[in-house]
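Worksheet for the structure shown next.
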Ligand code: SF4
């Protein structure tokens with residue numbers, strides 16, 4: 001049994017780790033906050049809108065390209081509003097260039113990753129909300145390394161803005177050029193960095209130049225089930241999709257697979273999910289990693305079916321991604337098919353997630369941010 005992790009439900013509480021947070025960036029602030037900052041620098045307020053239009057509207061991040069800003073104040077404004085947050089370490093591609101993983105070094109040396117996935121009808125980025133993760137799920141590469149720190153709002157947003165720029169450059173062949181979807185399924189437990197993640201969502205959905213102008217319905221926030229934070233998210237008046245990483249329908253197994261279950265049991269977590277669905281009208285996505293001989297038995301499919309039947313829920317089965325040295329393996333395909341059949345027979349909408357990014361360790365549970373990932377045959381790519 002894995003011991004219960006520490007859960008910083010309120011990361012802004014006294015004692016929460018702040019020392020290594022990055023410098024303030026315009027994406028940390030709403031437009032009013034940016035105006036206050038630039039006027040404090042002795043610049044006219046409209047400069048905030050100009051620089052925000054570059055960043056969010058045109059996806060321009062290089063101050064040298066912001067030629068409508070007077071040369072005399074450009075460097076000072078860039079210094080205060082656009083400090084470099086993400087230093088690219090490498091970018092890898094697979095799936096014929098439709099999947100790209102970016103590894104970043106943050107200002108304090110922490111490493112995080114994001115993944116860009118192109119589909120014929122949409123472009124999705126999977127972003128990280130923490131460097132590492134404190135939730136200690138034993139089958140997850142990220143969870144093995146523990147939590148380094150929470151990301152700032154701008155560090156979260158900047159991953160999406162950067163990769164939106166990659167998509168806009170036409171780099172994802174066969175997909176639209178405009179980023180449309182964001183999933184908080186990279187490194188970290190988003191709801192353990194609650195305030196910054198919610199602020200990041202507000203930046204992502206606000207129309208340019210305040211934000212990136214994405215649809216709320218195209219944003220998915222995953223959680224292992226921090227019950228108070230799920231209730232809090234439901235009260236935010238945001239119609240984002242909640243993805244609940246359930247992975248087991250019974251407490252005995254979930255206590256082991258998702259240690260936070262020792263604090264909030266399956267029934268409490270599902271009750272919170274149904275409250276979220278009722279409040280937002282959004283179908284909850286139930287994430288379930290299929291792990292060979294661990295959680296893939298027919299009786300567990302039947303139990304899951306009984307828990308979810310008649311609820312506003314969709315099951316997303318995830319073929320487990322192998323991690324080096326792990327004792328966990330993916331369920332065989334026939335076992336997976338039987339699991340799907342039983343859930344559907346129970347009336348539960350169920351799909352199996354594609355395994356995008358597996359070749360570059362960019363799939364769920366593989367984001368470990370090791371610099372020595374090895375050389376990918378695709379080599380380094382720059383945006
Ligand atoms: S599965 Fe998610 S919540 Fe669990 S350790 Fe990995 S990143 Fe953290």
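Structural remarks
- Of the strands (runs of 3 or more DSSP E) entirely within the stretch 27-146, those holding at least 3 residues that are surrounded by fewer than 23 Cβ atoms within 10 Å (Cβ to Cβ) and out of contact with any helix residue (DSSP H, G or I) (no Cβ under 8 Å at 6 or more places or on another chain) occupy 87-94.
- Scanning the stretch 221-241 for residues that are more than 14 Å from the ligand (Cβ to nearest atom) and part of a loop (DSSP other than H, G, I, E, B), we see that the one that is surrounded by the most Cβ atoms within 10 Å (Cβ to Cβ) is 240.
- Out of 57, 33, 97, sole residue that is under 23 Å from the mean Cα position of the chain (by Cα) and at pLDDT 95 or above: 57
- Residue count, the stretch 324-353 (criterion: buried (at least 17 other Cβ atoms within 10 Å of the Cβ) and either part of a loop (DSSP other than H, G, I, E, B) or free of Cβ contacts under 8 Å to residues at least 12 places away in the same chain (or both)): 4
- Hey, residue 189 surrounded by fewer than 22 Cβ atoms within 10 Å (Cβ to Cβ) and either under 18 Å from residue 272 (Cβ atoms) or within 12 Å of the ligand (Cβ to nearest atom) (or both) or not: no
- Residue satisfying all of: in the stretch 242-258; without any contact (Cβ under 8 Å) to a residue 40 or more places away in the chain and touching a helix residue (DSSP H, G or I) at 6+ places or on another chain (Cβ under 6 Å); farthest from the ligand (Cβ to nearest atom) among these: 251
- Some residue of the stretch 177-186 being in a loop (DSSP other than H, G, I, E, B) and within 16 Å of the ligand (Cβ to nearest atom): yes
- Test: residue in the stretch 245-263 that is within 21 Å of residue 181 (Cβ to Cβ), surrounded by 16 or more Cβ atoms within 10 Å (Cβ to Cβ) and touching a strand residue (DSSP E or B) at 6+ places or on another chain (Cβ under 7 Å): yes
The values are calculated or read from the model by the stated rules, or taken from the named source; none is laboratory data. Bear in mind that the values here come from a model prediction, so they are computed numbers and not experimental data. We place every Cβ from the backbone using ideal geometry, glycine too, and count neighbours over all the protein chains shown.
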